[in-house]
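See structure below.
The values are calculated or read from the model by the stated rules, or taken from the named source; none is laboratory data. In this text, all values refer to a predicted model and were calculated from it rather than measured experimentally. Neighbour counts run over all protein chains shown; Cβ positions are idealised from the backbone, glycine included.
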Amino acid sequence: MKVCMLTTSFPRFEGDYAGVFVYNLSRCLSKRGVGVEVISPHDYGSKYSEVRDNIRIHRFPYFYPTKYQRLCYGAGILENLSRDILAVIQLPFFVIAEILYSLCIIKKEGFDVIHAHWSLPQGLVGLWCKRIFKIPCVTTIHGSDIFGLKSPWVRALNTKVIKYSDVCTANSKATARVACETYGRKNIEIIPVGVDDTFFFKKTPNVDAIKRELGIDGRVVLFIGRLIDLKGVDYLIKATPEVLKRCPDINVLLVGSGPQKEYLMNLSKDLGVENRVVFIDKVAQDEILKFYAIASVFVLPSIVNARGETEGLGVVLLEAMASGVPVIGSNVGGIPDIITDGETGLLATQKDHDDLADKIIKLLTDEELRKNVTENALRPVKTNLSWEVIADRFVRIYKDLIGRNKQEGIF
């Protein structure tokens, strides 16, 4: 069985966190004997073609000189489009390049299944290739392709992709619900993003050494992610003064980069907490574990932003849970799929820094609650959400789809 993955985000180098969930799925599929090839956008300095963990990766350039490619990676396509006119100019070139590149590779390699991550543009490209080469297409919706795309012509394209994909999956109940309500397809299977087994309680033993390295003394409230508006990091910073009144030893550690960094740094200064808010630029994937190791609480304060975008799932919450860290998330998007309030973590009201502060204080001061939510969270993550389990679910979909289409005489 050969599967072609279409994606706008995939690790560009060893340790890169971009699109790591597509890589982890591909890696686990490869271990199960599935031949996986990935088609993803090129980024300046990355290789055009390489093989990693038996996965052949093809990266297509979409603008020249390539050092001026601005559409993909960084803050993400939607954020890049909203901030960079060059990204807007490059969008049609990107779509054309992806179509041509995909047609050439799929024709040459002879795949059994196309698996498109994000409905646009990958799902649309997948449907064209399906019709031309008679290959079934699976489209996975990740959230930004549903919550963040509102214009009529984009919704029309999304409707075609979601309606005519052979199988459509979504990463959360919230994503599936909005897709069903907006685009009319009812049989959307919910398959969340998995968690790498390396996170399961494999904490770095020398926590004190890590804190010394980072210049941190005391407990850590951790956030990991892009510094963009929908992550709601400003509400975490606004909650910090109140948390410090009850827990004066805490440090808020923000791991990630993005266009809001300068605003967030200025905000922490304005609130007088700049000495307790630590910014660390995006780090390599293999270094993420050490930040979970030192965390007392993990917070994902996501919001619904002005464009209607929100959190499709919240993979970092799963990683924190698997690492034995109690979690707090906003009650938006797919986060309630992960957190059952009071059982596997705490849910806070979005855009309410007072409520967020109360929840953080609660987890920092109630040891029994911390223990209970941590233990309750670990069991379902380990049992149902490892990448091994998720990969097996997709293998069953691929096999069923191939078998069904053969019986119908499509091949």
Practice item. Report whether or not LEU222 is touching a residue at least 24 places away in the same chain (Cβ under 8 Å), touching a Gly at 6+ places or on another chain (Cβ under 6 Å) and not in a helix (DSSP H, G or I). Key: no
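Yes/no matrix, rows are residues, columns are (1) at pLDDT 95 or above; (2) farther than 18 Å from ILE39 by Cα:
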{"residue": "VAL138", "(1), (2)": "yes, no"}
{"residue": "ILE146", "(1), (2)": "no, yes"}
{"residue": "ARG155", "(1), (2)": "no, yes"}
{"residue": "THR169", "(1), (2)": "yes, yes"}
{"residue": "ALA179", "(1), (2)": "no, yes"}
Review point. Got a sec? Which strands (runs of 3 or more DSSP E) wholly within the stretch 1-60 have at least 2 residues that are over 25 Å from PRO136 (Cα atoms) and in the same structural domain as VAL95 (by TED's automatic domain parsing)?
Key: 49-52
Check your understanding: Inside the stretch 308-354, can you point out the residues that are assigned to a loop (DSSP other than H, G, I, E, B), under 18 Å from PHE21 (Cβ atoms) and free of Cβ contacts under 8 Å to residues at least 60 places away in the same chain?
Key -> GLY314
Review point. Hey, any hits in the stretch 178-199 for a residue that's within 26 Å of ALA293 (Cβ to Cβ) and aliphatic (A, V, I, L, M)?
Key: yes
Point to revise | Candidate set from the stretch 350-378 (those that are buried (at least 16 other Cβ atoms within 10 Å of the Cβ) and among the β-branched types (Val, Ile, Thr)); member that is nearest to LEU236 (Cα to Cα) | key: ILE360
Check your understanding: Are there any helices (runs of 4 or more DSSP H) wholly within the stretch 118-213 with 1 or more residues that are more than 21 Å from the chain's Cα centre (by Cα) and aromatic (Phe, Trp, Tyr), and if so which?
Key -> 124-133, 152-164, 173-183
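Yes/no per residue for (1) assigned by TED's automatic domain parsing to the domain that holds LEU29; (2) surrounded by fewer than 19 Cβ atoms within 10 Å (Cβ to Cβ); (3) in contact (Cβ under 8 Å) with a residue 12 or more places away in the chain:
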position: GLY184; (1), (2), (3): yes, yes, yes
position: ASN187; (1), (2), (3): yes, yes, yes
position: GLU213; (1), (2), (3): no, yes, no
position: LYS231; (1), (2), (3): no, no, yes
position: ASP234; (1), (2), (3): no, no, yes
position: ALA239; (1), (2), (3): no, no, yes
position: VAL243; (1), (2), (3): no, no, yes
Practice item. Confirm whether ILE402 is crowded, with 19+ Cβ neighbours inside 10 Å, β-branched (Val, Ile, Thr), touching a strand residue (DSSP E or B) at 6+ places or on another chain (Cβ under 7 Å) and touching a residue at least 12 places away in the same chain (Cβ under 8 Å). Key: no
Check your understanding: Scanning for something under 22 Å from the mean Cα position of the chain (by Cα) and either more than 25 Å from VAL255 (Cα to Cα) or surrounded by fewer than 18 Cβ atoms within 10 Å (Cβ to Cβ) (or both), does the stretch 98-106 turn up at least one residue?
Key -> yes
Review point. Restricting attention to the stretch 248-281, which residues are touching a strand residue (DSSP E or B) at 6+ places or on another chain (Cβ under 7 Å) and assigned to a loop (DSSP other than H, G, I, E, B)?
Key: ILE250, GLY256, ARG276
